[in-house]
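Have a look at the structure below before the remarks.
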Amino acid sequence: MDESAPDPRTPRAVDLPSTFLVAEIVIVLALSLGRSGVYSIVSLARSLAAGPLSGQQATLNSSQDTNPWFDLLQQLLGIAFTLAPVALVILLLSVSAGSLRGALAGLGLAPARPLGDTVRGIVIAACIGIPGLAVYYAGRAIGATLEVIPAALDTHWWTVPVLILQAAKNAVLEEVIVSGYLVQRLERLGVGTAGILAITAVLRGSYHLYQGIGPGIANLAMGLVFTECFRRTRRVGPLVIAHTLLDVVAFVGYALLKDVLGL
């Protein structure tokens with residue numbers, strides 16, 4: 001055996017052609033957040049046709065069944081199936097990188113800096129959360145935003161854990177696909193910094209438009225910040241932590257306080 005020949009069992013990075021990458025991006029987005037963006041735009045158009053946005057509601061995390069056990073089952077199944085595109089993009093990135101470890105390292109998901117990622121995530125959440133609330137209430141004041149109901153689950157022993165899982169699911173889905181996968185693929189296609197920022201921010205804003213114009217703009221701005229954070233640090237971990245914290249505060253906070261405050 002020629003010792004200089006490469007071992008066929010050794011994983012190798014694959015240089016994918018541009019046409020393949022474009023098709024791959026389109027398919028991934030059609031299965032995940034791109035599809036959500038299209039439906040969200042349609043939802044906004046329907047809301048605009050129905051009358052003033054200020055008099056309408058957008059409900060998140062609603063009950064799926066009157067039976068609490070079947071409701072729990074459907075909530076968990078929904079979370080699991082929604083995360084399937086995340087597994088797909090990690091698989092695709094593994095092919096390009098030559099290994100799963102390489103893909104996770106490229107995304108910055110390898111748990112090499114848990115404390116640093118956590119601190120950065122908390123700081124990012126604090127910097128994004130307060131301005132985000134300001135934009136929401138400004139949108140409500142001028143009639144450009146629907147009333148957002150963050151949690152409409154019936155009260156059960158599993159309500160808070162499921163809301164936390166929903167928050168983590170949203171964070172993993174959005175940050176791995178938009179901040180990590182899409183940025184890397186656009187870079188491979190030779191898209192410049194301005195183009196990457198614009199594409200990822202518009203995508204993030206689009207799938208929040210069902211809540212109204214205000215949340216769409218706020219999430220577009222969030223997209224610019226999160227994409228640039230990933231470009232500079234090459235770590236999705238802090239962004240997942242930040243996004244999870246933001247959604248946990250919104251979902252769980254609303255669920256715990258709605259009865260007390262009469263929401």
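So, in the stretch 14-42, how many residues would count as being among the charged types (D, E, K, R) and either assigned to a loop (DSSP other than H, G, I, E, B) or surrounded by 19 or more Cβ atoms within 10 Å (Cβ to Cβ) (or both)?
Of the residues in the stretch 14-42, 1 are among the charged types (D, E, K, R) and either assigned to a loop (DSSP other than H, G, I, E, B) or surrounded by 19 or more Cβ atoms within 10 Å (Cβ to Cβ) (or both).
With 198, 218, 194 as the choices, which residue is aliphatic (A, V, I, L, M) and closer than 20 Å to residue 127 by Cα?
Just one listed residue meets the conditions, 218.
What pairs can you find where one residue is in the stretch 220-245 and farther than 17 Å from residue 172 by Cβ, the other is of a type in the set (S, T, N, Q) and surrounded by 17 or more Cβ atoms within 10 Å (Cβ to Cβ), and their Cβ atoms are less than 6 Å apart, with a gap of 6+ or different chains?
none
Sort through 227, 155 and tell me the only one that's among the hydroxyl-bearing types (Ser, Thr, Tyr) and at pLDDT below 95.
155
Out of all the residues in the stretch 68-116, which are at pLDDT below 90 and over 23 Å from residue 185 (Cα atoms)?
Within the stretch 68-116, 112, 113, 114, 115, 116 meet the criteria.
Starting from residues that are farther than 28 Å from residue 149 by Cα and among the hydroxyl-bearing types (Ser, Thr, Tyr), keep the ones in the stretch 193-248 and report whichever is surrounded by the most Cβ atoms within 10 Å (Cβ to Cβ).
Ranking the candidates gives 233 first.
Could you grab me the full set of residues in the stretch 92-104 that are without any contact (Cβ under 8 Å) to a residue 12 or more places away in the chain and surrounded by fewer than 16 Cβ atoms within 10 Å (Cβ to Cβ)?
100, 101
The values are calculated or read from the model by the stated rules, or taken from the named source; none is laboratory data. This is a predicted model, so every value here is computed, not measured. In this analysis, Cβ positions are derived from the backbone assuming ideal geometry, glycine residues included, and neighbour counts consider all displayed protein chains.
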